[in-house]
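For reference, the structure discussed in these notes is given below.
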Amino acid sequence: MTEIWKEIFSGNNLALLGAALATLLAGIGSAKGVNMVAKATAGLISEDPNKFGKAFLLQALPMTQGIYGLVTSFMIIFKMGLLGGSATALTVSQGAYYLVAALPIAFGGLFSAIKQGEVATAGISVLAKRPEATGKSIISASLVETYAIFAVLVSLLLILFA
């Protein structure tokens, strides 16, 4: 039984778990954020289809966290040697390191994408009533992005300098 646990919790599996969490959690946040804005956009363009272009920009903003999570996953997989290199067996501590390095963007991406979706949804309301103020709504939603950028920077720096 102990041998099975050693195989399950191998260094490589822990690193892959980190990669999976980075993509999965940041992706869930992005999907939730985009979904919120898409619903509001659908209501807006049913009344005025000409506002789709500006609404689409607000809708696309929460997608970036999912991209950050995916990039982080690729970096972990690349550092493991699974992409174009010779794969190496990681120790449990090395695998745990990559798992922990993935957590900032995993959770930062999850929560910031959802919050960015909420701000962008409010921006759709602004676009409906005052289209000339859409730029301010985009800036407001972009401010939430700052925390996703901090999270991905921490994750990538930890991975790159491992």
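Every read-out reported here was derived from the displayed coordinates using simple, explicitly stated rules and does not represent laboratory data. This structure is a prediction, so every number in the text was calculated from the model and none was measured. Note that we place each Cβ from the backbone using ideal geometry, even for glycine, and neighbour counts take in every protein chain shown.
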With a point put 7 Å past each Cα toward its Cβ, work out how far residue 60 is from residue 10 in nm, to one decimal.
-> 4.2 nm
Give, in nm to one decimal, the length gained when the segment between residue 130 and residue 160 is fully stretched (0.36 nm per residue of separation minus the Cα-Cα distance).
-> 6.3 nm
What FRET efficiency, computed as 1/(1 + (r/R0)^6) with R0 = 45 Å and r the Cβ-Cβ distance, is obtained for residue 142 and residue 93, rounded to the nearest 0.05?
-> 0.75
Two-decimal Rg to Rh for the chain - Kirkwood Rh, Cα set = 1.15
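A 21 angstrom limit on the alpha carbon distance is what I want to check against. Which of 54/129; 51/115; 79/115; 32/136 exceed it?
Check vs 21 Å cut-off fails for 51/115; 79/115; 32/136.
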The chain: DSSP helices with Cα axial extent of at least 18 Å and average Kyte-Doolittle hydropathy no lower than 0.5 = 11-47, 63-79, 92-129, 134-160
Ordered by packing density, taken as the mean number of other Cβ atoms within 10 Å over each peptide's residues, highest first, how do 4-11, 16-23 rank?
-> 16-23, 4-11
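At 222 nm, what helix-only mean residue ellipticity would the chain give, in deg cm²/dmol to the nearest 500, using -39500 (n - 2.57) for each DSSP H run of four or more? Could you put the intermediate results ahead of the total?
Working: 6 runs with 135 residues, N = 162.
Mean residue ellipticity at 222 nm (helix-derived): -29000 deg cm²/dmol.
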Among 161, 133, 123 - extreme Cα towards positive end, dipole of the range 61-162, charges at beta-carbon = 133
Neighbourhood charge, 14 Å Cβ-Cβ cut-off, centred on residue 36 and excluding it, Lys, Arg +1 and Asp, Glu -1 = +2
